[in-house]
Amino acid sequence: MAQKPLPKILPKDTTPNTHSATLTSCLVLPADAMEIIDAQVKAGAAAAKDATTLTVAALTTAIPAGTVLDFGGVPVVVTTAAAAGAVELDIEALPAALANAAAATFHNYDEVPLAENFNATLNDDEETIKVHGRFTPIRSKNGVDFTATIKTVAGADDPVIARLIEAGMQPTPGCRRRLVFVWSDGFALLVTVNIGAPKPSGNPGQSMRYDFAANLAGHAYWTNLNDPAPVWKPVGQLAT
């Protein structure tokens, strides 16, 4: 019997999407951060190699001392804090010349590099007496707590890891930071945490790793980046 052509109408595949956890990221913000900043910094004039000041277009945000700005592969280290509206930056000697209008982006956050694992967990315990009152100060409200482990193969010579080590080696409130976890499906958490002491590990023949614990030390918020207008909503609060 002769075979017929393939049916032209294809059945709809309703299998939900799966997502790669490789794209998960963790951003580290200052403890007092009130917004996520991605601001362009543009050179207002050409600058020669070894210059220690840089003319810029009026800054749209303040830039703290120690900030490293990447102008197309040329790292520029800011030595003196600059206020919003400033038109000049004090910098370490330029390692290479910069052209007029060369641009960099200032972030008020660091992204954890070369991450191997983010074990971020919202823990539930809604036993009645605990739901109606915090069962540990600050740490948990309405039965929801948060703990996380950040594991990376980046070392102490990376500036982001160095800053996490510095935080973890201090008592509270010196170890207090805000973290943003973003998963590849669009779910995100914003948490104020205490960074735990660094735990370097590794055996001969293996890559060295750093582990950092992050335990809730303030408020926690969540959002869904698939929403038409994502907003931060408190964890443990009934929807209205």
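Observations on the model:
- Matching residues in region 146-160 - criterion: being assigned to a strand (DSSP E or B) and either aliphatic (A, V, I, L, M) or open to solvent by less than 20 Å² (accessible area, probe 1.4 Å) (or both): Phe146, Ala148, Ile150, Thr152
- Residues within region 1-32 that are closer than 18 Å to Asn226 by Cα, within 18 Å of the chain's Cα centre (by Cα) and open to solvent by 100 Å² or more (accessible area, probe 1.4 Å), tallied: 1
- For region 217-237, the condition of being of a type outside the set (Phe, Trp, Tyr), open to solvent by 80 Å² or more (accessible area, probe 1.4 Å), within 17 Å of Tyr109 (Cβ to Cβ) and not in a strand (DSSP E or B) holds for at least one residue.
- Entry remark, region 5-61: residues being within 30 Å of Asn100 (Cβ to Cβ), β-branched (Val, Ile, Thr) and not in a loop (DSSP other than H, G, I, E, B) number 4 in total.
- The residues of region 111-128 that are open to solvent by 40 Å² or more (accessible area, probe 1.4 Å) and either assigned to a loop (DSSP other than H, G, I, E, B) or at pLDDT 90 or above (or both), listed by number, are Glu111, Leu114, Ala115, Glu116, Asn117, Asn119, Asp125, Glu126, Glu127.
- Cβ separations smaller than 6 Å between residues 6+ apart or across chains give the following pairs from region 168-192 residues that are under 16 Å from Met34 (Cα atoms) to residues that are open to solvent by less than 40 Å² (accessible area, probe 1.4 Å) and among the hydroxyl-bearing types (Ser, Thr, Tyr): Arg178/Thr192.
- Any hit, region 189-201, residues being over 12 Å from Gly168 (Cα atoms) and not in a strand (DSSP E or B): no
- In region 66-81, the condition of being touching a Pro at 6+ places or on another chain (Cβ under 6 Å) and open to solvent by 30 Å² or more (accessible area, probe 1.4 Å) is met by at least one residue.
- The C-beta contact set for region 100-124 (first residue hydroxyl-bearing (Ser, Thr, Tyr), second residue in a loop (DSSP other than H, G, I, E, B), distance under 7 angstrom, 6+ apart or interchain) comprises Tyr109/Ile36.
- Single residue of region 202-216 satisfying the filter (among the small types (Gly, Ala, Ser) and in a strand (DSSP E or B)) that is least open to solvent (accessible area, probe 1.4 Å): Ala214
- In summary, Ala57 fulfils each of the numbered conditions (1) free of Cβ contacts under 8 Å to residues at least 40 places away in the same chain; (2) in contact with a Lys or Arg (Cβ under 6 Å, 6 or more places away or on another chain); (3) open to solvent by less than 20 Å² (accessible area, probe 1.4 Å) with the single exception of condition (3).
- Residue match in region 33-54 (condition: small (Gly, Ala, Ser) and closer than 18 Å to Asn108 by Cβ): yes
- Residue satisfying all of: in region 163-176; open to solvent by 40 Å² or more (accessible area, probe 1.4 Å) and not charged (D, E, K, R); modelled with the lowest pLDDT among these: Thr172
- Inspection of region 177-190 finds a residue satisfying the criterion of being among the basic types (Lys, Arg), touching a helix residue (DSSP H, G or I) at 6+ places or on another chain (Cβ under 8 Å) and open to solvent by less than 80 Å² (accessible area, probe 1.4 Å).
The values are calculated or read from the model by the stated rules, or taken from the named source; none is laboratory data. Because the structure is a prediction, the values reported are computed rather than measured. Note that each Cβ is placed from the backbone with ideal geometry, even for glycine, and that neighbours are counted across all protein chains shown. Quick note on the areas: whole protein, heavy atoms, side chains included, nothing else; ligands and nucleic acids left out. Shrake-Rupley method; radii C 1.70, N 1.55, O 1.52, S 1.80 Å.
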